[in-house]
Amino acid sequence: MISYQIITSRGKPRFAVVEYQAFLKLLEDLDEHKKAAPHGTRKRQRKEPTAQELTRMMRTNPIRGWRLFRNLTQSELADLTGLKQTHVSLMEANKIKPRRNTLAKLAEALSCDIDDLIPRG
């Protein structure tokens, strides 16, 4: 177990102070870890899921999945796209099929591709 001291500033942790020998051991361990997994060999993690992954994970319509992923309400998405909230709600409930130009507005507001908003199978 490494002994350490936390130094705070304005009530928040700013520094961790460890004994010099413990610091050298941490550097050595880090070096070994880097050698064990050379740069580029680790599987790159995607930052965002695909529409299909969102839909499958959330068991929902892709438009709703992307809206929730972007932490937007239906009203906020409607404001960003110039649509009415009820229109967004109907699209998410699969009651109406959005037109291509509507999908383009939604894709821009949600920072995704139009194809990501089309429900699959």
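The values are calculated or read from the model by the stated rules, or taken from the named source; none is laboratory data. Given the structure is predicted, the values throughout are model-derived calculations rather than measurements. Note that we place each Cβ from the backbone using ideal geometry, even for glycine, and neighbour counts take in every protein chain shown.
Note on the stretch 73-107: residues that are in contact (Cβ under 8 Å) with a residue 12 or more places away in the chain and under 20 Å from the mean Cα position of the chain (by Cα) total 4. Taking the stated definitions as given, is VAL88 in contact with a strand residue (DSSP E or B) (Cβ under 7 Å, 6 or more places away or on another chain), modelled with pLDDT of 80 or more and not in a loop (DSSP other than H, G, I, E, B)? Judged against the criteria, VAL88 is not a match. Does ARG67 meet the test of being at pLDDT below 85, closer than 30 Å to ILE118 by Cα and surrounded by 10 or more Cβ atoms within 10 Å (Cβ to Cβ)? No.
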